[in-house]
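In what follows, a single structure is set out as structure tokens and then discussed.
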Amino acid sequence: MAEKTIVTAAVVGAEVTRAQNPAVPYTPEEIARAAVDAGRAGAAVVHLHARWPDGRPSQAPEHFREIIDRIRSAGSDVVIQCSTGGAVGMSLDERLGSLVEGAEMGTLNMGTMNFGDEVFVNTRPDLVKVAGRLRERRLVPECEVYDAGMLDTLRWLLEKGHLAQPYHVQFVLGVPGGMAASERNLRFLVEGLSEAVHWSVAGVGRFQLSMVELAAPMGGHVRVGLEDNLYAAKGVLAKGSDELVSLAVQRVRRAGREPATPAEARALLGIT
Ligand code: KMH
Ligand code: ZN
């Protein structure tokens with residue numbers, strides 16, 4: 001039987017706003033509820049950012065603690081992945097504030113890039129520091145790859161011993177400044193992985209669900225949610241990340257695969 005598909009829900013991010021879609025959650029309570037709902041809809045992993053009550057991005061440990069406590073108090077066992085990317089312009093130390101007790105995975109952004117009209121800074125020393133922190137905290141890294149050269153950086157981290165299995169790769173395609181979300185690009189990136197490793201794809205904007213349709217038959221995992229895309233269909237705002245997860249699950253099943261449970265995702269990702 002084909003390996004199960006891990007559906008990750010990215011329920012808020014640092015860039016999207018409630019002015020764009022009223023379902024974007026801001027408070028820890030709202031973010032936790034969005035994560036729990038996404039888990040009920042079939043997500044095995046939640047990728048977390050936090051916000052201040054007015055919507056500004058936050059990497060404050062107390063916000064992450066409250067979100068995680070609320071998710072667990074609601075009885076959800078989704079895998080908790082905390083963003084160390086935070087928002088453009090934050091210092092690396094601020095970004096690392098998210099790695100609190102209860103986190104199981106943390107992101108490792110694989111290089112500096114244009115991010116829309118801004119620059120998302122991830123120098124090689126930054127990568128080494130984040131990788132080291134994840135190792136110290138025994139968190140499984142998810143390597144965020146936005147462009148082809150970042151696979152060479154991934155190889156460099158492996159060769160230098162800064163990164164080792166288990167780790168996960170997320171191809172984030174369609175960020176203005178990174179690689180476009182196309183079939184050609186995804187196939188090229190998957191071929192470029194230097195060793196057998198679980199990979200997933202997150203298509204930004206209108207490419208979110210088309211990337212799910214492409215990745216599921218290829219054996220990949222998928223990420224959807226309001227962080228990357230605000231629409232359920234052309235011109236129709238998503239009611240929440242749970243709706244996008246449901247749409248992804250339909251597509252995964254159409255490809256003959258089943259969504260992984262959180263326990264199955266932990267086994268696949270090497271989370272102990
Ligand atoms: N907000 C972006 C600049 C991550 O979560 O690790 C970075 C980001 C990546 O969202
Ligand atoms: Zn993120």
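The values are calculated or read from the model by the stated rules, or taken from the named source; none is laboratory data. All values derive from a computational prediction rather than experimental measurement. With ideal geometry, Cβ positions are generated from the backbone for all residues, glycine too; neighbour counts draw on all protein chains shown. For the accessible areas, the whole protein counts, side chains as well, though only heavy atoms, and no ligand, DNA or RNA atoms are used. Shrake-Rupley method; radii C 1.70, N 1.55, O 1.52, S 1.80 Å.
In table form, for the structure just shown:
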| read-out | value |
| --- | --- |
| Amide H within-cut-off set for Tyr146, under 5 Å, with H built and near neighbours excluded | Met110, Val172 |
| Per-selection Rg to Rh, the chain - Cα, Kirkwood hydrodynamic radius | 0.92 |
| Solvent-accessible heavy-atom area per residue, rounded to whole Å², over the chain at 1.4 Å | 42 |
| Stretch gain in nm, segment Asp117-Ala263, where the contour uses 0.36 nm per residue and the Cα spacing is subtracted | 48.6 nm |
| Rg to Rh quotient for region 193-250, alpha carbon positions, Kirkwood Rh | 1.02 |
| Spin-label pair Leu237/Glu195, simplified geometry with 7 Å Cα→Cβ offset, distance in nm | 4.6 |
| q = 0.13, 0.18, 0.20 Å⁻¹, region 1-156: log10 I(q)/I(0) [Debye, one scatterer per Cα] | -0.59, -1.12, -1.33 |
| Cα-based Rg / Dmax (Å) for region 121-178 | 11.3, 33 |
| Test item: Cα-centred dipole of region 132-272, Lys/Arg +1 and Asp/Glu -1 on Cβ, debye | 180 |
| Principal semi-axes in Å for region 150-272 [√(5λ), Cα gyration tensor, largest first] | 25, 18, 13 |
| Percent of C-alpha pairs per 5 Å bin, region 230-272, short to long | 6, 20, 18, 19, 18, 12, 6, 2, 0 |
| Percent accessible area from carbon and sulfur atoms, region 1-158, protein chains only, probe 1.4 Å | 48 |
| Label-point separation in nm, Glu3 to Arg18, each point 7 Å along Cα→Cβ | 4.0 |
| Radius, Kirkwood style, for region 168-222 when every pair of distinct Cα atoms is counted (Å) | 11.0 |
| For region 2-103: relative contact order, % (alpha-carbon pairs under 8 angstrom, 6 or more apart) | 28 |
| Förster-model FRET efficiency, 22 Å R0, Leu158 and Thr272, C-beta, rounded to 0.05 | 0.60 |
| Translational diffusion coefficient (Stokes-Einstein; Kirkwood radius from C-alpha pairs) of region 44-134 at 25 °C, 0.890 mPa s, in µm²/s | 180 |
